[in-house]
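Take a look at the structure set out below.
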Amino acid sequence: MKRILFFFALIGFATNASWADQTRADATDRLEKAGDVLRQVMATPDKGIPQEVMDHAKCVAVVPHLIKGGFVIGAEGGRGVATCRTAHGWSAPAFFSVEGGSWGLQIGVEGIDLVMIIQNDKGMEQLLNSKFQVGADASAAAGPVGRHASADTDWKMDAEILTYSRAKGAFAGVSLNGAAVHQDSDAMHAFYKSDVTVRQALMGHVPSPAGSSAFLDAVRGARDQAKAAEANDK
């Protein structure tokens with residue numbers, strides 16, 4: 001029991017310490033780290049997110065260094081950033097947090113990079129809401145990896161959200177069922193300096209502020225990066 005309590009105290013300390021007093025510099029740093037994660041994931045030889053998945057994406061969300069681990073009971077916690085397709089290209093970024101738990105035989109604490117690909121209008125609508133639960137409000141599945149996914153049609157039909165993780169250089173699909181995703185109001189206010197909501201940002205109702213380019217350029221370039229990686233394999 002003491003070990004379990006110690007673990008949850010450690011998770012709480014790590015997340016609360018990093019989430020306190022968010023500033024615009026913190027939000028910009030998160031955008032830069034999220035952009036780096038996506039570029040590195042797309043460049044992973046034979047293990048990146050397939051080009052077809054990126055082409056099909058309604059929204060792209062990245063959580064750099066999600067804290068994940070547990071002792072019999074797992075736990076997750078992290079902060080991320082998202083963008084969605086609009087009639088004029090990818091939207092201004094919106095900030096969110098991920099919190100939740102899952103049962104599983106796992107011991108320890110690990111930082112992983114998380115990528116979520118929202119595939120359809122239902123999944124996008126959940127992301128636009130102030131809060132939703134993965135698996136309950138929007139179905140999720142471990143996403144396919146590799147250069148191509150067109151031969152496997154199930155990934156388009158089985159879930160609103162495809163989830164991926166990267167830890168210690170390894171990259172694969174991951175289940176995130178049970179996690180709660182909700183608006184990071186502190187980061188939104190710090191970055192936009194006004195009461196801009198996740199819905200306003202992701203629907204394209206506000207321009208992308210300075211500091212957005214590190215993440216948005218990575219999303220815009222993901223398809224070309226996947227094609228370039230495929231060409232290098234030949």
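The values are calculated or read from the model by the stated rules, or taken from the named source; none is laboratory data. Computed from a predicted model, the values in this text were never measured in an experiment. Glycine also receives a Cβ, built like all others from the backbone with ideal geometry; neighbour counts cover every protein chain displayed.
Return the total of residues in region 118-139 being in contact with a His (Cβ under 9 Å, 6 or more places away or on another chain) and among the basic types (K, R). Of the residues in region 118-139, 1 are in contact with a His (Cβ under 9 Å, 6 or more places away or on another chain) and among the basic types (K, R).
Screening R30 against (1) buried (at least 21 other Cβ atoms within 10 Å of the Cβ); (2) farther than 14 Å from A222 by Cα; (3) at pLDDT below 80 leaves a single unmet condition, (3).
For residues in region 1-27 being at pLDDT 70 or above and either assigned to a helix (DSSP H, G or I) or on the phi > 0 side of the Ramachandran plot (or both), which is surrounded by the fewest Cβ atoms within 10 Å (Cβ to Cβ)? By that ranking, first place goes to A25.
Identification of helices (runs of 4 or more DSSP H) wholly contained in region 147-234 with 1 or more residues that are touching a Gly at 6+ places or on another chain (Cβ under 9 Å), modelled with pLDDT under 95 and among the basic types (K, R) yields 213-220.
Given the criteria of a type outside the set (G, A, S), surrounded by fewer than 14 Cβ atoms within 10 Å (Cβ to Cβ) and at pLDDT 85 or above, does H56 qualify?
Values: of a type outside the set (G, A, S): yes; surrounded by fewer than 14 Cβ atoms within 10 Å (Cβ to Cβ): no; at pLDDT 85 or above: yes.
Answer is no for this residue.
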